[in-house]
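Notes for the one structure printed next.
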């Protein structure tokens with residue numbers, strides 16, 4: 001045995017080190033996938049360090065869902081070096097990571113949709129919202145308002161909304177926000193009567209579809225529109241400065257309606 005690699009790993013020790021069963025190791029031996037380099041005097045399988053390196057490759061490929069026949073074919077290819085195996089496993093693992101990330105993103109979207117009370121199919125959500133911004137903001141909304149009765153009321157009300165309900169909601173929202181954007185572009189002051197009427201329509205829209213919205217609540221929401229970058233961007237994407245204009249219009253309307 002001089003000059004040869006020492007053989008020192010029993011099948012039991014290998015099973016303990018790797019977490020796979022002795023029965024599996026026996027099967028790998030029987031099908032020729034991993035034959036131990038030696039036997040003890042009593043006939044027990046003994047694995048060398050080289051055997052363990054091959055086993056590591058096998059387990060990695062198995063983790064990547066390759067079948068035993070495919071693994072044997074890859075490992076027995078004389079044109080593939082250890083570095084080739086590492087690169088192949090690296091590429092396969094990156095592909096799997098990308099698939100898993102995509103799956104996680106889909107699950108996150110579904111969870112966010114449920115948090116937002118959007119009980120629609122993915123196709124219906126795309127048709128209604130034209131994208132994922134409203135769903136993307138659900139986590140932020142829960143973080144900021146999840147403890148409030150308004151958030152609980154919103155989730156309860158919207159849980160059973162149909163596709164047509166959401167289409168009606170979006171139509172109303174667009175009309176109100178477009179009216180505010182047009183007024184801003186025309187240079188109409190935020191405390192103009194016509195602009196305050198639009199702010200009042202927005203308050204009533206929230207109260208009708210989502211949650212109770214008295215003037216104190218609407219005032220708090222106006223502050224959130226300015227403080228929350230994501231919600232503010234929803235408005236500012238329509239027109240630069242619109243989030244500030246809507247904020248000012250809401251505060252003006254609250255003062256006007258409350259007689260201040």
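The values are calculated or read from the model by the stated rules, or taken from the named source; none is laboratory data. On a predicted model such as this, the values are computed, not experimentally measured, just so you know. Cβ sites come from the backbone with ideal geometry, for glycine too, and all protein chains shown count toward neighbours.
Quick look at the values:
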read-out: Number of the condition not met by residue 131 [criteria: (1) part of a helix (DSSP H, G or I); (2) loosely packed, with under 14 Cβ neighbours inside 10 Å; (3) modelled with pLDDT under 75]; value: (1)
read-out: Matching entry among 41, 15 (being in contact with a helix residue (DSSP H, G or I) (Cβ under 6 Å, 6 or more places away or on another chain), farther than 21 Å from residue 93 by Cβ and without any contact (Cβ under 8 Å) to a residue 60 or more places away in the chain); value: 15
read-out: Qualifying residue in the stretch 93-108 (condition: over 21 Å from residue 34 (Cβ atoms), part of a helix (DSSP H, G or I) and modelled with pLDDT under 70); value: yes
